[in-house]
1. Give me the percent of Cα-Cα pairs in chain A that sit more than 32 Å apart, rounded to a whole number.
2. Average partner chain C-beta neighbours within 10 Å, per residue of B:315-327?
3. Could you please report the charge total around B:Leu131, scoring K, R as +1 and D, E as -1 over all other residues with beta-carbon less than 14 angstrom from its beta-carbon?
4. For the protein assembly as shown, what is the accessible area per residue in Å² when the probe is 1.4 Å?
5. Sort B:13-24, B:82-93 by packing, meaning the average of other beta carbons within 10 Å per residue, with the highest value first.
6. Per the helix-only calculation at 222 nm, which mean residue ellipticity applies to chain B, given -39500 (n - 2.57) for every DSSP H run of n ≥ 4 and division by its residues, nearest 500 deg cm²/dmol?
7. In chain B, which cysteines lack any other cysteine Cβ under 4.7 Å from their own?
8. Residue by residue through B:31-44, how many Cβ atoms from other chains fall within 10 Å of the Cβ on average?
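The values are calculated or read from the model by the stated rules, or taken from the named source; none is laboratory data. Treat the numbers as computed from the prediction; the structure is a model and nothing was measured. Because the Cβ atoms are built from the backbone with ideal geometry, glycine has one as well, and the counts that use them run over all protein chains shown. Heads up: the accessible areas ignore ligands, DNA and RNA and are worked out on the full protein's heavy atoms, side chains in. Shrake-Rupley method; radii C 1.70, N 1.55, O 1.52, S 1.80 Å.
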Amino acid sequence: MDELQFDRAEFGTAGRICTGCQQPIAGDYYDINGTPFCAACTSAIRQAHGGTPGGADFARALGAGVGAGAVGSALYYVIERISGYRLSILAIAVGFLVGRAVRWGAGGRGGLLYQVLAVVLTYVAIAFSWLPIVLEKSDGSFGVGDLVPLSAFLLALPIRIGLESPFALVVIGIGLWEAWKFTAPVSLAIRGPITTMPPAAP
Amino acid sequence: MTPPPPVPTTARCPQCGAAIEPTALSCDACQALVHADRLKALAATARAAETAGDVSAQLEAWRVALTLLPPGSSQYRSIHERVVSLSRSLTNPSAAPPATSAGSRAATWTGAIGTAVLFLVTKGKLLLLGLSKGSTFFSMLAALGVYWTLWGWKFALGFVLSIYIHEMGHVAALRRFGVAATAPMFIPGFGAFIRGKQPLATVQEEARVGLGGPIWGLAAAVGCFLIYVTTKQPFWAALTHAGAMINLFNLMPIWQLDGDHAFKALNRTERWIAAAVIGVMFAFTTEGLLILVGILAVVQAFRDAPNVEGDRTALIQFAGLVITLALLMKMPVPGTP
């Protein structure tokens, strides 16, 4: 390590490497959130994150989120059946799954709309995880007319259980936070083009 | 009233005077390193630690230096390579034997008893150090209060301390690799967590840090078990069982749990061996939690294992933890069905 000097940054003979395409950057470069990018990659990033998301993006995010929520709900039941434990902590996994799925569906974009969508879907998934238990404990006489009161009952369950067990409430809160966090808007600080001067002669 | 002065949005390069971003690590115009003086001081610290044979201190200094260098620079790459090399010397001493550390040199002189005393003194100091942090202490008190209402103060205290010891196992492992970490923060009903302030350099490092918590947690559970064997008080059996359960739960190879960090270092064969050990222990103990851990281990075994060289130490640690924790969970707790 003795050969290292700490007066000036050295970027080797190839110069700066683009964080996106991993190729040496010839000439000017762009700084995105503190890392160097070439002009082509910067343009692609601007295009991917710019503009308003369309209806198709939202529909895909909704579909992916509902699917992930259904998997999350089923996970509670499967794990309870296998292990005998109803693990409150699974709320975090549900938030993680739904948040990731919504983000994927939205093409990597985040934003308030997707954050609200992810949080709502996570909550619904956690609430409906009790559905198999409710059905098992009922006499099996549910009809179409019972769907609305049953849904209302299930949606109120996390709050009711949370009021009795602060543990469950905290963990559900963390699950919702996971969903919110994963769909947060990406903040891009783009500087450039930056012209690099050759280092001054010693 | 005088308005506050505006916050500067740009700074000046100390070398050429060009405008630079306040968070810039080097000047775009002349490439001068903004933190040159600090970097030189860190390099001197690392060299002094190298002379003293203190690998952890070297790692600590170089890791801080990495945060002050532009990631694309050759200095960054050189230091990163050095960090990886030093880290490997700790995770796999036979590959690159580090110089004898001051601590281990002392241990050679004082023998096995001296090593044990040294361990208790240094780790005991670390355990007390964690409690001196306000965020840890007060969040711990909050968790204690919540558990108290459920199980009474005695069990709540033992449970919270078990979690604390588990977390300090992670802190100790991070310190060994020279990574700065936050103090443990308790979340009632969830457990506790710590965060490393710098990224880990290798998957082996991640596995040691991940398993550091369950290893210390196991030590706490074994301590409770020994007290139970001596006193025959059911309280200690219950605490042993609870301690074993939280640590076994953390061995699930999923999300950000400790088992997931360990599995990142295992190759496919080692993942299957881990799954087999879990299966054998389930057959022996019929503990339901092992089914969950086992299913997740099998899923991980089917997935791509990027670290093809594997990590035998991580496998031995993981398997040892599964075996001992499962056995502790099998121990009957008087007064429970």
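1. Value for chain A (Cα pairs over 32 Å): 41 percent.
2. 0
3. +2
4. Numbers: 27060 Å² over 539 residues.
Accessible surface, normalised per residue, equals 50 Å².
5. B:82-93, B:13-24
6. It lands at -23000 deg cm²/dmol.
7. B:Cys224
8. Going residue by residue through B:31-44 and averaging, the value is 3.
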